[in-house]
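Q: Quick one: structure below, then a few questions.
The values are calculated or read from the model by the stated rules, or taken from the named source; none is laboratory data. Predicted model only: the values in this text are computed from it and were never measured. Reconstructed Cβ throughout: ideal geometry from the backbone, glycine too, with neighbour counts over all protein chains shown. Remember, those area values only see protein heavy atoms, side chains included, never the ligands or the DNA or RNA. Shrake-Rupley method; radii C 1.70, N 1.55, O 1.52, S 1.80 Å.
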Amino acid sequence: MDRFIKLLAESRHCVFLSGAGISTLSGIPDFRGNNGIYRKFDADRIFDIDYFHADPGYFYSHSKDLIYNVDEKEPNIIHYVLARLERMGFVKSVITQNIDLLHQKAGSKNVIEIHGSPKENTCLSCGKTFSYEQTASIVRADRVPECDECSGLIKPNITFFGEMLDREAIMKAVDESSRADLFVVTGSSLMVHPAASLPLYSIRNRGRLVIVNNRPTPLDQYANLRYDDLEVFFEYLESNFNDTK
C-alpha cells in the first residue's frame, strides 16, 4: 500500500467516491453483498417512484429499519480517516452514493450526495419540508408521514428509480471528477450510473484510478492500483496520516 501513499502524497486534487460497502462496518447492509438489501427486499418496489406513489406504506414499513434509523449509526474508520485526510488537505471532496449521512457525522465538509439524503423530507403536494427527526418519529410509529398543512404524502429527498437525479449535485460530481488527478473508488460495485461513469472523467484527463472493493467492478482494468479489503486499507491510511502530529 506504500504505492498508494506515494500517489496520495503527490496528488494535487484527490477525490474519493464512496458506495454502500463502506457503511457495512457501521452495521448498515450494502445492496448486492451476501447479506445485502436486495436479498431481503424487492428493490424494484422499495425504491421505485411509481410504486412509492401507489403504495407508500411498503416503502415506509421497510425504511424504518433501513433509512429512518441512521441517527443510531456511528461512522467507522473509513468515514473518520476520510474526514482527517480532508482536514489535512489530501482529499478535496467525497462523492457518495450513500444516503446515511455518516460522512458528515464524521466531520467531512465537502460531501457531494448524488443520490440525496433523508436529512430533509418534502410534501409532494404543497412542497413543505420536514426534518429527518420529524419524519423519523412518524415512521417509527408505523405511520405513513403526511403533511400537517395539506395532508399530502411526504417523501425523503433521496432519488428513487424513475426520478431525475439532482442536477446541481451531478454537475458538482462531474466537475470534481474531471479535476481529479487521483480518483479513489471505495466500497462501490460501479454498477449504477451515473456514479459508475464518474471515474472515467478523471481517466480522460490523465487521472489515476484506485479501486478498493471486495468485488470486481467494470473498471478494474483501468485501475492503477486495486485492493480488496476496505478495513485493512483504511487502517493502513490511519497509521500513516495523523493530523495531531
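Q: Which shape class applies to the stretch 162-228: rounded if a/c is under 1.5, otherwise prolate when a/b exceeds b/c and oblate if not, where a ≥ b ≥ c are the square roots of the Cα gyration tensor eigenvalues? Please report the intermediate quantities before stating the final value.
A: Numbers: a/c = 2.42, a/b = 1.31, b/c = 1.85.
It comes out oblate by the Cα gyration axes.
Q: Just add up the charged neighbours of GLU74: K/R +1, D/E -1, any other residue whose Cβ is under 14 Å from the Cβ of GLU74.
A: Details: positive: LYS73, LYS105; negative: ASP71, GLU72, ASP100.
So the environment of GLU74 carries a net charge of -1.
Q: Follow-up question, since we're still on this one. What is the set of long-range amide H partners of SER93 at a cut-off below 5 Å, with H atoms built 1.01 Å from backbone N?
A: Counting only residues 5 or more places away or on other chains, the set is PHE16.
Q: For the chain, with the dipole built from +1 on Lys and Arg beta-carbon atoms and -1 on Asp and Glu ones, taken about the Cα centre, which of ILE154, ILE78, TYR236 lies farthest toward the positive end?
A: In the chain, that residue is TYR236.
Q: Going down the table (LYS64/LYS109; LYS119/LYS172; LYS73/LYS105; LYS73/LYS109; LYS105/LYS128), which pairs top 21 Å between alpha carbons?
A: Details: LYS64/LYS109 27 Å; LYS119/LYS172 19 Å; LYS73/LYS105 10 Å; LYS73/LYS109 19 Å; LYS105/LYS128 25 Å.
Violating the 21 Å limit, Cα to Cα: LYS64/LYS109; LYS105/LYS128.
Q: At a Förster radius of 51 Å, what calculated FRET efficiency corresponds to the Cβ-Cβ distance of THR129 and ARG3, to the nearest 0.05? Mind showing how you got there, number by number?
A: Working: r = 46 Å, r/R0 = 0.90.
Computed FRET efficiency for THR129 and ARG3: 0.65.
Q: Related question: Packing-wise, with mean Cβ within 10 Å as the measure, how do 54-61, 211-218, 175-182 rank, highest first?
A: Working: 54-61: 16.4, 211-218: 18.1, 175-182: 20.4.
Packing order, densest peptide first, comes out as 175-182, 211-218, 54-61.
Q: Can you show me the helix-derived [θ] at 222 nm for the chain, built from DSSP H runs with n ≥ 4 at -39,500 (n - 2.57) apiece and divided by the number of residues, rounded to the nearest 500. Mind dumping the intermediate values first?
A: On the way: 10 runs with 83 residues, N = 245.
Helices in the chain give a 222 nm mean residue ellipticity of -9000 deg cm²/dmol.
Q: Expressed in nm to one decimal, what extension gain is obtained for the pair GLU146 and ILE49 from 0.36 nm per residue of sequence separation less their Cα-Cα distance? Don't jump to the answer; show the numbers that get you there.
A: On the way: separation 97, 0.36 × 97 = 34.92 nm, distance 1.68 nm.
Stretched out fully, the GLU146 to ILE49 stretch lengthens by 33.2 nm.
Q: Something else: Using a simple spin-label model with points 7 Å from Cα along the Cα→Cβ vector, what separation in nm is obtained for GLU235 and MET171?
A: Going by the 7 Å Cα→Cβ label model, 4.4 nm.
Q: Give me a comma-separated list of calculated 3J(HN,Hα) values for the stretch 219-224, in order, Karplus coefficients 6.51, -1.76, 1.60 applied at θ = phi - 60°, integers in Hz, x for any Gly or Pro.
A: Residue by residue, the stretch 219-224 yields 9, 4, 5, 9, 6, 6 Hz.
Q: Give me the percent of the accessible area of the stretch 126-226 that comes from carbon and sulfur atoms, probe 1.4 Å, all protein chains in place. Let's see the in-between values first.
A: On the way: 2530 of 5360 Å².
Carbon and sulfur atoms account for 47 percent of the accessible area of the stretch 126-226.
Q: Now, a different point. Which whole-number value in Å² is the accessible area per residue of the chain, probe 1.4 Å? All intermediate terms of the calculation are to be shown ahead of the outcome.
A: Working: 12040 Å² over 245 residues.
The answer is 49 Å² per residue.
Q: For the stretch 85-146 and the stretch 168-245, what is the separation of their C-alpha centers, rounded to whole Å?
A: Going from one Cα centre to the other spans 22 Å.
Q: Rounded to the nearest 0.05, what FRET efficiency do TYR222 and HIS13 give with R0 = 22 Å and r taken as the Cβ-Cβ distance? Could you check? Don't jump to the answer; show the numbers that get you there.
A: Values: r = 18 Å, r/R0 = 0.83.
Efficiency for this residue pair is about 0.75.
Q: Here is a further query. Counting pairs of alpha carbon atoms under 8 Å apart in space and at least six apart in sequence, what relative contact order in percent does the stretch 199-239 give?
A: 33 percent
Q: Explain nothing, just the number: dipole magnitude of the chain about its Cα centre with +1 on each Lys and Arg Cβ and -1 on each Asp and Glu Cβ, in debye rounded to the nearest 20. If you can, show how the numbers build up before the last one.
A: On the way: 28 positive and 34 negative charges, 175 e Å.
Here the chain has a charge dipole of around 840 debye.
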